[in-house]
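Since the structure comes first, as structure tokens, the remarks are kept for the end.
No lab work stands behind these numbers, since they all come straight from the coordinates. Source: prediction; values computed, not measured. Positions of Cβ are generated from backbone atoms using ideal geometry, with glycine treated the same way; all protein chains shown enter the neighbour counts.
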Amino acid sequence: MKLSILKEHLNESISHVSKAITSRTPIPILSGIKFDADEEGVRLTASDADITIQSFIPAEKDGVQVIRLEQAGSVVLPAKFFGEIIKKLPSHEIEIEIRPPFHATIRSGGSEVQMVGLDPEEYPQLPLIEEKKVVSVPSDLLKTMIRQTSYAVSTSETTPILTGVLCSLDENGLKFISCDRHRLAQRETPLAAGPDQFFRGVVISGKTLNELSKVLPDENSFTDIVVSDNQVLFRMDNLLFYSRLLEGTYPDTSKLIPLQFQTEIVVSGKLLTEAIDRAYLLSREEKTNIVKLVMNEDRTLEISSSSSELGKVTETIPVEQLTGNLLKISFNSKYMLEALRVIDSEGVRLSFTGAMSPIIIEPLGETKVLQLILPYRTTN
């Protein structure tokens, strides 16, 4: 194999596929990036057996010659060294030559690097996915849905299914749900799809979705979601992102969400977030994260936290609307902050069915985001 390639395109591709590389793989060849070159362009592939990412660099883009190919071929190159050396090469154009068996020479400006590669025939094939259930989603919307749900997955490996986000598509649209037993995050969006495209019970690792979010484009583009029995493929322009689905049955979370409320308040999301953030500083020092919320008759909220060693923080903010009974309730301020920070709305509605029942947090407007936090029982 012999070719020259523009550095910025190769760098970007390596950056994308490297998200599938892990240093703790039991399969040595998976510590490398597979490099395939032909007349169409260059394909880079990386995998950790659970995630596989393939990036395609076309020979020509926007009228610019990106790759000049002299001889097609394939090789697997050590991911960490290959990625770091490409970043540091001096020239904007890089020449790569592979000689038998798999010895790579990389030249750029006055630099020449020798690298020992591996046999590409030993590299695992891309997962095979039947394209029966395919739906197209705006990439920026998909990124937002991941941001608004993946933070609430469980970090405990004792319940592996809860480390994932439950994804479903039906006549109501696309829905993502995450839950770690103490809180729940749910995002729905309308999406035109036929019954043959519907899917349910698809659980994708929260870590995987966060890695996907890093490679999703922000601009006006679409990502295809292709679902099969044990794999899901996210297909973008020049990028394929495969993920193994988590096995098991996700618990029915619908029973956690109250349908009627005793108390509802509407407040400024910014004021509430800033007030809880300041109270959180003290609750964090106390290592409890407990913050207390008191509704007053003068249509204000009192938010407070205390420490036997450091003192007390008390915040008072106005309430825009208040209906129902006045309540005193304690909650995990870290969980509340994380829920508020993913709500893209000036106004926030908090709904309660009692001091020891779940707190529901929703944005004002038509965006269907629902966050749920279980309150704390405190002695006072």
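Odds and ends about this structure:
- Using a simple spin-label model with pseudo-atoms 7 Å out from Cα toward Cβ, residue 131 and residue 259 lie 4.2 nm apart.
- Kirkwood hydrodynamic radius of region 2-122, from inverse mean 1/r over distinct Cα pairs, in Å: 14.3
- The stretch between residue 200 and residue 116, if pulled fully straight at 0.36 nm per residue, gains 25.7 nm over its current Cα-Cα span.
- Spin-label model, residue 346/residue 274: points 7 Å from Cα along the beta carbon direction are separated by 1.5 nm.
- Per-residue ellipticity at 222 nm computed for the chain from its helices equals -5500 deg cm²/dmol, with DSSP H segments shorter than 4 residues left out and the rest contributing -39,500 (n - 2.57).
- The gain in end-to-end length when the residue 50 to residue 84 segment is fully stretched comes to 9.9 nm, 0.36 nm per residue minus the alpha carbon separation.
- Interchain or long-range residues, amide H under 5 Å from residue 202's placed H: 167
- Protection proxy ranking, peptides 160-167, 112-119, average beta carbon neighbours within 10 Å, highest first: 160-167, 112-119
- Stokes-Einstein diffusion coefficient of the chain, Kirkwood radius over Cα pairs, 4 °C, 1.567 mPa s, in µm²/s: 55
- Highest-MSF residue in the chain out of 301, 174, 142 [GNM, Cα springs under 10 Å]: 301
- Cβ-derived FRET efficiency at R0 22 Å, residue 338 paired with residue 298, nearest 0.05: 0.15
- Global geometry of region 63-190, whether rounded, prolate or oblate, following the gyration tensor of its Cα atoms and the 1.5 cut on a/c: prolate
- The aspartates and glutamates whose alpha-carbon is closer than 20 Å to the alpha-carbon of residue 19, local same-chain residues fewer than 8 away aside, are 8, 36, 48, 50, 84, 140, 211, 218, 224, 237.
- Take the Cα of residue 11, step 7 Å toward its Cβ, do the same at residue 156, and the gap between the two points is 4.4 nm.
- The percentage of C-alpha pairs in region 235-365 whose separation is greater than 27 Å is 30%.
- Once the Cα-Cα distance is subtracted from the 0.36 nm per residue extended length, the residue 320 to residue 237 segment shows a gain of 25.4 nm.
- Against the empirical curve 2.2 N^0.38 Å, the C-alpha radius of gyration of region 133-254 lands at a ratio of 0.98.
- Packing rank of 146-158, 200-212, where each peptide gets the mean count of other beta carbons within 10 Å, highest leading: 200-212, 146-158
- Whole-Hz ³J(HN,Hα) from phi, Karplus 6.51 cos²θ - 1.76 cosθ + 1.60, for region 166-176, glycine and proline x: 7, 10, 8, 9, 9, 5, 7, x, 8, 10, 10
- Anisotropy class of region 164-218 from Cα gyration tensor, a/c 1.5 cut: oblate
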